[in-house]
Amino acid sequence: MKIGVALSGSGRAGLQAHLALMELEEQGIRPLVVSASGISALPALLWAKGLEPKRIEEIIKEICQASDWKTGTQILKKVEGPLEKTQEKIAISCVDSVTGMTVIYGDFLRSDAWNLRVRPLKGYEDEAIMATLSPYDSLEPLCVDGMKLCDFSVRYGCPLFSLKMAGMERLLALNFLGGATPAQMAADSLNLLTSRYADLHYEFPKTLENWQRGFLESHHKELYHKLLF
């Protein structure tokens, strides 16, 4: 069964989305593709590089402690991981806030659609993260090739689309809620509505600042039933 996982939301716990992915693997559920938008895209990207949790957390801490997000994400250009040991594929989803065009950073997707643009991820990791972060932390949309890119969820909700493009047969959505601004709260609402198109979805409240270790293990029967059979 080809399993895809969608990560979204602007809650602080989204910075530990990699722990959720690792817990899934511990339960015998290995996602073939991960689609991420918003703050969860950062740990998801590092997870896809095959980095260990401690290293991921070190990099995230370094980025968050930088003078600004643009400076911090430059670190991603230097991050190397044991890519040859992993088969995970990741897509980072954004949207042009002016035209509504979907923009996906991913090295395994192709599209000729007029309202969808696929951009390379490798070598553009910092750009992809900056593009999907807005409006997190009051960031403005990122200007790229005449577009103003921001979190996919602001316009379309949960980033399930790239999983369907990739031919995933079962979809799991994890939403890390926590919007503090009107735009973030609107995105959280859209995430809640659209994540119901996944085979299984879980929401985590904005009061959650750290990943709840054991959450997915406690739901293993539901995970197996919905995603593996």
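The values are calculated or read from the model by the stated rules, or taken from the named source; none is laboratory data. Only a predicted model underlies this, so the values are computations on that prediction, with no experimental measurement involved. No Cβ is skipped: glycine too gets one built from the backbone with ideal geometry, and neighbour counts run over all protein chains shown.
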Checklist entry - Of the residues that make up the range 134-144, is at least one surrounded by 17 or more Cβ atoms within 10 Å (Cβ to Cβ), out of contact with any Phe, Trp or Tyr (no Cβ under 7 Å at 6 or more places or on another chain) and under 21 Å from L32 (Cα atoms)? => result no
Checklist outcome for this item: If you go through G157, G100, the only one that is small (G, A, S), under 14 Å from the mean Cα position of the chain (by Cα), at positive phi and modelled with pLDDT of 95 or more is G157
Item to check | Those residues of the range 192-215 which are within 18 Å of the chain's Cα centre (by Cα) and part of a helix (DSSP H, G or I), in sequence order | outcome: L192, L193, T194, S195, R196, Y197
Next on the checklist: Just to be sure before I move on: is G50 in contact with a Gly (Cβ under 6 Å, 6 or more places away or on another chain), under 22 Å from M22 (Cβ atoms), surrounded by 14 or more Cβ atoms within 10 Å (Cβ to Cβ) and not polar (S, T, N, Q) in the structure I sent?
Outcome noted: yes
Item to check | Residue selected from the range 96-133 under the condition farther than 16 Å from L45 by Cβ and in contact with a Ser or Thr (Cβ under 6 Å, 6 or more places away or on another chain), by the criterion surrounded by the fewest Cβ atoms within 10 Å (Cβ to Cβ) | outcome: L116
Checklist entry - Scanning the range 192-229 for residues that are within 18 Å of Y156 (Cα to Cα) and aliphatic (A, V, I, L, M), which turns out surrounded by the fewest Cβ atoms within 10 Å (Cβ to Cβ)? => result L193
Checklist entry - Of P43, P31, which residue is over 30 Å from C143 (Cβ atoms) and surrounded by 14 or more Cβ atoms within 10 Å (Cβ to Cβ)? => result P31
Checklist entry - For L172, all conditions in the list (1) surrounded by fewer than 23 Cβ atoms within 10 Å (Cβ to Cβ); (2) closer than 30 Å to S111 by Cα; (3) within 15 Å of the chain's Cα centre (by Cα) hold save one; what is the number of the exception? => result (1)
Next on the checklist: Can you tell me which residue is surrounded by the fewest Cβ atoms within 10 Å (Cβ to Cβ) among those in the range 176-191 that are in a helix (DSSP H, G or I) and of a type outside the set (S, T, N, Q)?
Outcome noted: P182
Checklist entry - Which ranges mark the helices (runs of 4 or more DSSP H) fully within the range 1-92 that have 2 or more residues being within 28 Å of L116 (Cα to Cα) and touching a residue at least 12 places away in the same chain (Cβ under 8 Å)? => result 17-26, 41-48, 69-73
